[in-house]
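The values are calculated or read from the model by the stated rules, or taken from the named source; none is laboratory data. Worth saying up front: this structure is predicted, and the values here are computed from it rather than measured. Here the Cβ positions follow ideal geometry from the backbone for every residue, glycine too, while neighbour counts run over all protein chains shown.
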Amino acid sequence: MKRIMAQAGITLGSVALAVTGAIVTAAPANAALSDCPSGGLCAYLGVNGSGDPGVVYGDNTNLLQYNKFNNAESLYNNGSSCNVRIYSGTGYTGSSYILNRGYYNGSLANTVYWHNVASNNWCV
């Protein structure tokens, strides 16, 4: 019985190692986050920061003029010192939420911001 349990433990350990390896190699979705320049708010056309970022700096009353914000599926705040408030309407109107500095929203799906990041305001 001990031998069977030991075999099972080795097998489970191998499976866990294989799964862990898969998770580590699945991380490139976040590699795109490193493409977001310091100080910028980045929007991505894919979830979890996948794809090339569209970047803006400072406060913006109309982000819908930029394809990556008008069609955003995820966001990353790579600001150098501030949190950023995201709005669903232009001119800082509509629904809003704060995206903390250094954090990302991996999926805007099922929110009013899905393909609709309309304006932003820093240092809120």
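Restricted to the range 1-87, the set of strands (runs of 3 or more DSSP E) holding at least 3 residues that are modelled with pLDDT under 95 and not basic (Lys, Arg) is empty.
Restricting the range 96-124 to residues that are farther than 21 Å from Cys82 by Cα and not hydrophobic (A, V, I, L, M, F, W, C), the residue that is nearest to the chain's Cα centre (by Cα) is Ser107. For the range 89-113, taking the residues that are among the hydroxyl-bearing types (Ser, Thr, Tyr) and touching a residue at least 60 places away in the same chain (Cβ under 8 Å), the one that is surrounded by the fewest Cβ atoms within 10 Å (Cβ to Cβ) is identified as Ser107.
The single condition from (1) small (Gly, Ala, Ser); (2) surrounded by 20 or more Cβ atoms within 10 Å (Cβ to Cβ); (3) out of contact with any strand residue (DSSP E or B) (no Cβ under 6 Å at 6 or more places or on another chain) that Ser74 fails is (3).
Look at Asn62 and say whether it is farther than 22 Å from Asp35 by Cβ, touching a strand residue (DSSP E or B) at 6+ places or on another chain (Cβ under 8 Å), touching a residue at least 12 places away in the same chain (Cβ under 8 Å) and loosely packed, with under 15 Cβ neighbours inside 10 Å.
Numbers: farther than 22 Å from Asp35 by Cβ: yes; touching a strand residue (DSSP E or B) at 6+ places or on another chain (Cβ under 8 Å): yes; touching a residue at least 12 places away in the same chain (Cβ under 8 Å): yes; loosely packed, with under 15 Cβ neighbours inside 10 Å: yes.
When the stated conditions are applied, Asn62 passes them.
Pairs linking a residue in the range 32-44 that is within 19 Å of Trp114 (Cβ to Cβ) to a residue that is assigned to a strand (DSSP E or B) and not hydroxyl-bearing (Ser, Thr, Tyr), with Cβ atoms under 6 Å and 6 or more positions apart or on different chains, are Leu41/Val56; Leu41/Asn77; Leu41/Val84; Leu41/Asn120; Cys42/Val55; Ala43/Gly54; Ala43/Leu75.
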